[in-house]
Each structure stands twice: as structure tokens, then as C-alpha cells.
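Beneath this line is the structure, given in C-alpha cells, with notes to follow.
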Amino acid sequence: MKEYAHREIETKWQAYWEENALHQTDEDQTKPSYYVLEQFPYPSGDGLHMGHVRVYSIGDVIARFRKMNGYRVLHPMGADAFGLPAENAAIQRGINPREWTLQNMERIRKEQSLLGGSYDWDRYVGTCLPDYYRFTQWLFLLFYERGLAYRKEASVNWCPSCNTVLANEQVEDGKCWRCGSEVIKKELVQWFLRITDYAERLLEGLDTLPKWPDKIRTMQRNWIGKSKGANVTFSIPSVGEEVSVFTTRPDTLYGVTYMVLAPEHPLVPKLIAGNEKESEINEFIQNMRKSTELERTATDVEKFGYDTGSKAIHPLTGEEIPIWIANYVLFDYGTGAVMGVPAHDERDFVFAQKYDLSIKVVVQPNGETLAEPLTEAFTGDGNLVSSDIFNGLANREAITTIADYLEEQGKGGSVTNYRLRDWLISRQRYWGTPIPMIYCDDCGAVPVPKDQLPVVLPEDVVFDGKSNPLTTSENFVNTTCPTCGGAARRETDTMDTFIDSSWYYIRYTDAKNEEIPFDKAKADDWLPVKEYIGGIEHAVLHLLYSRFFTKVLYDAGMVSAEEPFESLLAQGMVLRDGSKMSKSKGNVVSPLEIIEKYGADTARLFILFAAPPERDLEWSDAGVEGSYRFIKRVWRLVHDNKALFANKETTTTDISAAAKELRRLTHQTIQKVTVEIGERNHFNTAVSSVMELVNGISSYPATEDRTVLREALESVVLLLAPFVPHLSEELWEVMGHTGTVHLAAWPKYDPAALVQDEVEIMVQINGKNREKLVVATKATKEEIETIAIANEKIQSLIIDKKVRKVIVVPKKLVNIVVG
Ligand code: ANZ
Ligand code: ZN
């Protein structure tokens with residue numbers, strides 16, 4: 001017998017697949033479509049890591065399984081190839097990021113092929129290639145035309161070490177998502193995408209995604225942060241202005257004792273004019289402009305503020321209340337102003353205590369009276385007091401009653417706010433998609449006409465690691481205005497790379513289109529992605545942005561799907577010795593070494609078998625060895641029985657009990673594996689049931705029916721095909737089949753084979769036939785007696801009689817003697 005030689009086999013079949021274009025997308029429209037997608041890799045200089053191996057193994061099992069089940073499958077791959085790490089690495093090495101990135105793309109693609117992934121490489125998408133990014137620019141212009149891309153000066157998040165701005169989603173706990181540096185604030189003119197226009201639809205859409213993990217949907221819900229409440233208008237007679245505040249608690253309106261504006265609020269300069277501390281206050285305002293949201297609102301940050309000296313008029317009582325400014329009020333949430341209700345809001349309570357502002361209770365808990373002075377804010381429910389015509393109302397009810405009343409009075413009304421902010425997409429870096437805009441002194445901001453795309457990244461740039469390299473290319477910067485033909489300047493910022501990945505899954509459906517980003521019919525043919533596999537770390541980044549893009553494209557009539565990903569499989573991490581496998585921890589196992597030593601099939605099998613896909617997976621050398629041994633065992637079993645495979649028939653009648661049992665196990669396994677892969681994504685239990693079948697085969701006596709053994713072995717090879725694609729091809733060939741196992745039909749279980757062996761027996765009373773029963777062939781005499789006596793009909797006949805004797809003749813009859 002030939003030894004199992006993984007290297008030889010894997011090379012052989014990978015070449016075969018390529019020669020026969022086996023992974024080219026099947027366009028047979030009579031088959032149902034299935035789009036399975038793994039998040040595309042970032043081509044860093046390190047090649048594949050085990051996390052990649054895990055995602056790609058999962059995706060490949062699904063793709064191969066669906067193909068064998070008669071689907072036409074779209075299973076594409078590409079590279080998320082723009083981004084700062086490549087730019088930094090290239091600067092270090094003194095080469096252009098393009099060179100560096102193309103090299104890495106090639107490398108990772110090769111390594112993915114070594115894993116045996118069934119990708120349609122003809123649809124490869126590299127986001128840094130001009131034939132892709134020209135359409136990223138095209139889409140930017142679409143957003144611009146639809147009023148969804150705009151430029152404004154804003155206080156933005158700036159990472160001093162990446163030397164670029166960041167979107168809100170890219171600031172985690174006040175730090176840069178990429179490098180972990182403290183983020184600071186800067187005033188800059190930047191491009192934004194109006195994702196806030198889609199806040200409600202992004203929220204509602206989450207309810208249409210039952211196959212997404214709850215955790216990710218909750219994170220998106222929280223990020224969107226819908227908050228229902230009311231705006232309340234206060235007038236400020238001294239400056240002849242009105243200011244609205246946003247509150248979720250209009251029921252506490254009579255408890256307002258002061259108002260607070262964000263320091264950046266545009267009215268502040270007027271309000272503090274003439275204040276004896278004016279210059280000190282101005283300094284405070286400048287500091288606040290530079291500080292981040294976290295620095296201002298974290299619970300352990302001390303509340304700090306100034307009395308402006310101006311007064312506002314309460315809209316319902318007409319009382320004068322002081323106007324303050326304070327760190328804890330944010331300019332870009334709600335209206336940038338709040339009404340202070342210290343009796344019922346914790347932050348206001350702390351602030352009022354510190355600055356000796358009055359505290360007025362307007363909600364009393366049911367059947368109780370709060371002891372005053374309060375020692376803390378009462379934030380619970382109760383009934384209104386000291387609230388004029390609203391006294392006695394339950395406060396929950398008063399929320400709408402008072403909001404409605406304000407509306408009648410023209411002093412405000414119900415509103416809904418969202419935490420979600422517009423998406424800041426300008427980046428002051430080179431290695432990204434250039435924003436296709438031109439600035440002309442006469443015409444202002446002018447979009448580059450679509451037929452002039454792409455705006456290509458120039459090569460004559462200087463990388464000094466400090467300023468944006470694009471500004472150093474005269475040829476790039478200086479251009480002519482598309483409208484008036486006069487001298488003009490190009491936008492030098494590039495786009496956030498999350499834009500590139502917001503639409504790549506649609507490009508795959510029509511990857512070679514040179515006219516438009518994609519053809520609608522082609523996109524509709526495949527979308528939404530049926531199963532999307534990737535890491536959970538993109539919960540509010542990529543996964544939110546992609547949903548936003550799809551909705552905009554839907555509105556533009558370019559796709560029919562409103563959601564891009566029907567089902568989401570967020571795979572767990574690969575751990576070693578309990579912590580995440582990572583270069584910095586020095587606990588990395590190299591996929592290439594594992595593939596070299598054991599083969600891709602072993603690596604795949606181990607990774608799929610060791611844990612359910614959503615869970616973390618602990619790397620185990622012993623586990624890898626175990627998978628390797630299992631593969632060799634299957635190899636031997638097939639080779640040992642090579643002679644069997646000439647006969648294609650399976651005997652199903654008149655076979656021995658042992659043969660029936662093996663057949664039952666075979667069909668039970670087919671049924672189980674089909675459900676575990678097809679309906680549950682439980683790849684690990686699918687593998688373990690095939691292992692049980694292999695055990696059954698190993699202990700099957702040599703003297704028993706051979707055709708049943710042949711069927712069992714063929715089933716093993718078919719069921720394992722999605723997991724260990726090379727081994728299965730080789731063994732399929734050994735079994736004498738021509739053509740690839742991956743186009744063979746997935747086995748179907750025979751329901752009749754699942755039935756345990758049973759016989760019919762006669763039940764007699766005093767020798768007279770009374771009833772027929774079906775019992776398991778293996779049932780014991782005692783079991784048969786119990787079943788017979790418990791039978792309803794027999795019971796009714798012997799109920800008033802005494803049972804004297806029961807005679808059991810197995811597989812034939814039971815005679816109950818009564819007297
Ligand atoms: C008065 C009040 C009384 C409030 C009360 C709460 C309890 P969410 O759920 O986050 O939307 N607020 C409004 N705008 C703010 C801003 N720009 N910066 C800081 N705080 C702001 O919370 C809304 C509540 O947060 C609002 O309701 C307001 O305080 C405060 F017993 O108004 B509330
Ligand atoms: Zn012009």
C-alpha cells in the first residue's frame with residue numbers, strides 16, 4: 001500500500017483544480033445561487049496566520065458543501081490592500097507602498113492556495129488597484145451627487161502618531177484603534193459621509209437580520225444610540241436669542257434650576273461678554289475644544305464649569321435661571337445644551353452641589369416623600385409635585401404630556417436623537433483612494449467628471465513620515481478646473497480604507513466591469529451574501545459601514561438588497577496557552593510550517609474539529625497529531641479495501657444484522673453531517689460523527705457483507721470532501737471514480753436504513769390470536785413480555801383475569817395464559 005504523502009497529493013490536486021478551472025463560478029441559472037464570503041485579508045508583510053486559516057477553512061467547507069448539494073456558488077477572494085501599515089512599512093524600507101503591497105498580495109494569495117481554498121480567482125479584487133479604486137471614486141461621487149458627501153470644518157479626532165484624522169468608530173476608549181495612541185482634537189476641514197441620514201434605517205434593519213449574532217446587533221444598536229425625548233426652548237432676553245435643550249425627561253421640566261451650554265456653543269461669547277472672568281472662561285473654552293469626549297464625560301472626570309452671568313427664562317414658569325457652561329455638556333450631541341435638574345439627574349446633582357445651585361424635587365416616589373435636602377439624585381419613577389397643572393401625574397405619562405404641551409405652546413416638542421455621527425472619511429495619508437475633488441477659486445469644490453476617473457495616485461511624492469505625501473507632488477496637486485478650465489488644486493486627502501471594504505462584496509459579482517462599479521442584474525443575482533465569515537472586531541466599523549453603503553446603493557437603484565449580509569458567522573480567536581496567538585506574545589504557530597509538516601488537510605481538519613466556529617479555539621499540537629492520524633487511518637481503510645470498489649451495487653435486503661447496523665450508522669451519519677453543516681454551522685460535530693462512522697467501519701467483521709462496507713467507505717470520503725478536499729480527491733480516485741469528488745452529489749440518506757431492525761410478533765391469550773406487535777429484533781424476553789402485557793387491547797381483555805403464565809417465543813409470539 002502506498003503511504004499517505006500529503007505534499008504530493010495536495011500539489012497534485014491543486015494543479016488539477018486549476019487546470020480544470022474547477023473553482024470558476026458556476027453560472028448555470030437552473031441551480032439556486034449561494035454566495036459565501038470570508039472577509040478579505042489585509043496583505044501585511046507577515047503572510048497568513050492561524051486566524052486566517054480558521055476563517056478560510058470555515059468558508060471553504062461551506063462553499064464545497066453547497067456545490068455538492070447542487071448550488072451554484074460564488075466564493076471569491078481579494079485583498080483589502082490600502083492602508084497605513086503598508087505606507088509605514090514602505091517608508092521604513094524606502095520603497096513605494098505599491099511595490100510592497102503588490103508583493104504581499106501575491107504572497108498571501110499563494111498561501112491561500114496552499115490551504116486548498118476553492119476561490120474563483122478570476123474575480124480577484126484588490127482595493128489598491130486602479131481598476132477597483134476608480135469605482136470607489138465613482139461611488140464617492142454618487143454619494144456627493146446625492147448630498148451624502150459633504151465638507152465641513154469640524155473638531156475632529158487626530159492621531160498624532162498615525163498623523164491623520166480618525167472616524168469616531170476608530171477611536172476606542174479615547175485611543176487610536178490602530179496604534180493605541182491618545183487621540184487629540186483638531187479643527188480641520190474634512191469630508192464626511194452622511195451616515196446619520198440612515199440612522200433609523202440602520203437600526204430597523206437590524207431586526208431583519210435574525211442570523212446575525214445578538215452581540216453584534218446590540219453593539220450596533222448602542223452605537224447608533226437612539227434616544228427619544230423632547231427639545232425645550234428657553235429664551236435669553238439679554239441677547240434676544242432662544243436656546244433649545246434636549247432632554248429625555250421633559251417630565252422634570254419644573255425641576256430645572258439652571259441651564260448649561262457646551263463651552264463651544266456659538267452663543268457663549270455673547271453670554272460671557274463683560275463677565276469679570278471672561279479671559280479665564282475663554283481659556284477654559286479653548287481647552288475644551290481640544291479635549292475628547294471621553295476626557296469630558298467619563299464618570300471619574302471632575303465636573304467643572306463657569307456661570308456666564310446671563311439668565312434664561314423658563315418656558316412654563318417664566319422664572320429666571322442662571323446659564324452656565326461646563327465640561328460635561330457636549331457640543332455635538334442633542335442641541336449642545338441641557339437643562340439642569342439636579343434633583344433627578346446624577347450629573348446635575350454633583351454639579352449643583354459643587355457650585356451651590358438650588359435643587360428642586362418634582363418627582364416623588366409612590367407613597368413616599370423624599371427626605372430633603374437630598375443626599376443623591378432621585379432617578380426613579382413616581383408622581384409629579386410642584387409642577388403646576390401636571391401635579392399628580394405619573395412621571396412616565398408626563399413625559400409625553402409635557403412634550404405635547406410644549407409643542408402646543410410653541411416652546412419645543414418631542415424629538416429623537418441619535419448618538420451616531422457622520423462618518424469622517426478624509427485621511428491625510430498617501431496609501432488610499434484619492435478623493436476625486438478639485439478646488440477652484442472661482443467655482444469652488446468641483447467633482448472630477450466620472451469619465452476622467454481614476455484619479456491615480458502619483459509616484460513622484462516624498463515620504464517624510466510627517467506631512468501628507470500627496471501634497472508634495474506638484475503634478476498631482478496642480479490641475480485645471482473641470483468647470484471653467486482655470487487653474488485649480490486637487491484634493492490631497494485620501495479616503496478612509498473602510499470605504500474600500502464597504503462595497504467589495506458587490507464588486508465580486510461583476511469584478512471585471514470597466515464601465516460601472518457593477519451591473520445590477522449581476523449584483524442581484526448573488527446578493528445578499530448568504531454567509532459572511534469574519535472577526536467580531538469590525539462590529540461597528542466595517543459591518544455598519546457596509547450596511548450603510550448597501551442602503552445608499554439600494555436608494556440609488558443599483559441593488560435590490562437592502563442588507564448586504566444575510567447571515568454572519570463571527571469566528572472566535574485562535575489561542576495558544578490561553579491567550580490570543582499573536583506576534584507580540586511570541587506564541588505564534590506558523591500555518592506554513594504546519595502545512596509543510598502535516599498538510600493543509602490536517603490543518604483544516606484540526607481547526608474545524610477543535611471547536612465550534614464562534615468559540616475561541618485552543619491550539620494543540622496533540623490535536624494536530626490526532627487529526628493527522630485520523631487522516632492516515634481513513635487512507636488505510638480505503639486502500640485496504642481497494643478491491644471492493646469495482647462493484648457499485650449495494651445490497652440492502654437479506655443482509656445480516658451486523659451489515660444492517662453498519663448501514664444504519666452510515667445513513668445516520670449522512671443525515672447528521674448534512675444538518676450540522678447545512679443548518680447549524682456545527683463543523684466540529686459533523687467531523688466527530690464521521691469519526692464515529694470510521695470507528696464502525698474499523699470494527700466491521702471481515703466476514704460480513706462487502707457492499708455495505710463499500711457504501712460506508714464511499715460515504716466517509718464524500719462527507720469529508722468539504723473538510724479535507726485533497727485527501728478526498730485522492731481516495732475518490734483510488735475508489736475508481738473518474739472526475740472530481742467535489743462535483744459528485746452529496747450523499748442522501750435512506751430513511752429506511754435508519755430504522756432499527758424490527759419484527760412482528762403475535763400476542764395470544766390462551767392460545768388464541770389477539771393482537772400483532774412490532775418489537776426490536778434485539779428485544780429480550782422480559783422486554784417483549786412487558787410490552788405485550790402493557791398493550792391497550794390486551795389489557796382490556798385480561799383486566800379482570802389472573803395472569804397465570806406468559807410464554808415468549810422470541811421473534812414469533814407471546815402467549816398469555818389467564819384463568
Ligand atoms: C434633563 C434631565 C433630567 C435629563 C433628568 C436626564 C435626567 P441620552 O439618553 O444619552 O440621550 N444631555 C442632553 N444633551 C447633552 C449634551 N449635549 N451633553 C451632555 N448631556 C446631555 O441622555 C439625554 C440626557 O442627557 C438629557 O436629558 C440631558 O439631561 C443630557 F432627570 O435633561 B436630561
Ligand atoms: Zn473653476
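The values are calculated or read from the model by the stated rules, or taken from the named source; none is laboratory data. Note that the structure is predicted; figures quoted are calculated from it, not measured. Virtual Cβ from ideal backbone geometry, glycine too; neighbours counted across all protein chains shown. In case anyone asks, the SASA skips ligands and DNA or RNA and just uses the protein heavy atoms, side chains included. Shrake-Rupley method; radii C 1.70, N 1.55, O 1.52, S 1.80 Å.
Helical runs assigned H by DSSP (4 residues or longer) give the chain a calculated mean residue ellipticity at 222 nm of -11000 deg cm²/dmol, each run adding -39500 (n - 2.57) before division by the residue total.
Remark: the residue 273-residue 583 segment gains 105.9 nm on full extension, using 0.36 nm per residue and subtracting the alpha carbon distance.
When a/c reaches 1.5 or more, the comparison of a/b and b/c decides; with that in mind, is the stretch 427-586 rounded, prolate or oblate per its Cα gyration tensor? Because a/c hits 1.5 or more and a/b fails to exceed b/c, the stretch 427-586 counts as oblate. Applying a length cut-off of 24 Å (Cα extent along the axis) and a mean Kyte-Doolittle floor of -0.5 to the DSSP H helices of the chain leaves 50-68, 621-640, 657-678.
Cross-link pairs exceeding 21 Å in C-alpha to C-alpha distance, out of 520/551; 226/354; 31/522; 226/290, comprise 226/354; 226/290. With a ≥ b ≥ c taken as the square roots of the eigenvalues of the C-alpha gyration tensor of the stretch 276-338, please select rounded if a/c is under 1.5 and otherwise prolate if a/b is larger than b/c or oblate if it is not? Because a/c hits 1.5 or more and a/b fails to exceed b/c, the stretch 276-338 counts as oblate. With the simple model of a label 7 Å out from the Cα in the direction of the Cβ, residue 777 to residue 593 spans 5.3 nm. Extension gain, residue 560 to residue 3: 0.36 nm times the residue separation minus the Cα-Cα distance gives 195.2 nm. The trypsin sites (Lys or Arg not before Pro) of the stretch 409-508 that DSSP puts in a loop, and whose beta carbon has at most 11 other beta carbons within 10 Å, are 466. Between 121, 329, 150, the Cα set farthest toward the positive side of the dipole of the chain (charges on each charged residue's Cβ, about the Cα centre) is that of 121. Separation of the stretch 86-122 and the stretch 767-819, taken as the distance between their Cα centroids, equals 75 angstrom. Of the whole protein surface, residue 218 contributes about 60 Å² of accessible area at a 1.4 Å probe radius. Any idea which of 86, 635, 246 is furthest toward the positive side of the dipole for the chain, if Lys and Arg beta-carbons carry +1 and Asp and Glu beta-carbons -1? About the Cα centre, the residue reaching furthest to the positive side is 635. Stretching residue 24 away from residue 172 to a fully extended chain increases their span by 49.2 nm, per 0.36 nm per residue minus the current alpha-carbon distance. Leaving out ligands, DNA and RNA but keeping every protein chain, what accessible area does residue 207 have, in Å² rounded to the nearest 10, with a 1.4 Å probe? The accessible area comes out at roughly 110 Å². Accessible-area rank, largest first, for 155, 33, 279: 279, 155, 33, with all protein chains present and a 1.4 angstrom probe.
Across the protein chains, with a 1.4 Å probe defining accessible surface, the residues 339, 691 rank 691, 339 from largest area downward.
Rg and Dmax over the alpha-carbon atoms of the chain stand at 35.5, 118 Å. Ordering 285, 709, 255 by Cα displacement along the dipole of the chain toward the positive end leaves 709 in first place; charges were set at the Cβ atoms of Lys, Arg (+1) and Asp, Glu (-1). Computed over the chain, relative contact order equals 14 percent, with contacts defined as Cα pairs under 8 Å that lie 6+ residues apart. Restricting the GluC sites (Glu not before Pro) of the stretch 445-524 to loop positions (DSSP other than H, G, I, E, B) with no more than 13 neighbouring Cβ atoms within 10 Å leaves 459, 514, 515. A DSSP coil position with no more than 16 other Cβ atoms inside 10 Å describes the following trypsin sites (Lys or Arg not before Pro) in the stretch 258-294: 277. Rolling a 1.4 angstrom probe over the protein chains, ignoring ligands and nucleic acids, what is the accessible area of residue 338 in square angstrom, nearest 10? We get 40 Å² for residue 338. Of 525, 300, 510, the order by accessible heavy-atom surface (1.4 Å probe, DNA, RNA and ligands excluded), from most exposed downward, is 300, 525, 510. What pairs in 270/360; 632/672; 175/583 have C-alpha atoms more than 25 Å from each other? Long pairs (Cα-Cα over 25 Å): 270/360. From the square roots a ≥ b ≥ c of the eigenvalues of the alpha-carbon gyration tensor of the stretch 99-209, which class results: rounded (a/c under 1.5), prolate (a/b over b/c), or oblate? Prolate is the answer for the stretch 99-209, as a/c is 1.5 or above and a/b outweighs b/c.
What does a probe at residue 456 reach in the stretch 103-142, counting residues whose amide N is under 14 Å from the point 7 Å along Cα→Cβ? Answer for the stretch 103-142: 129-134.
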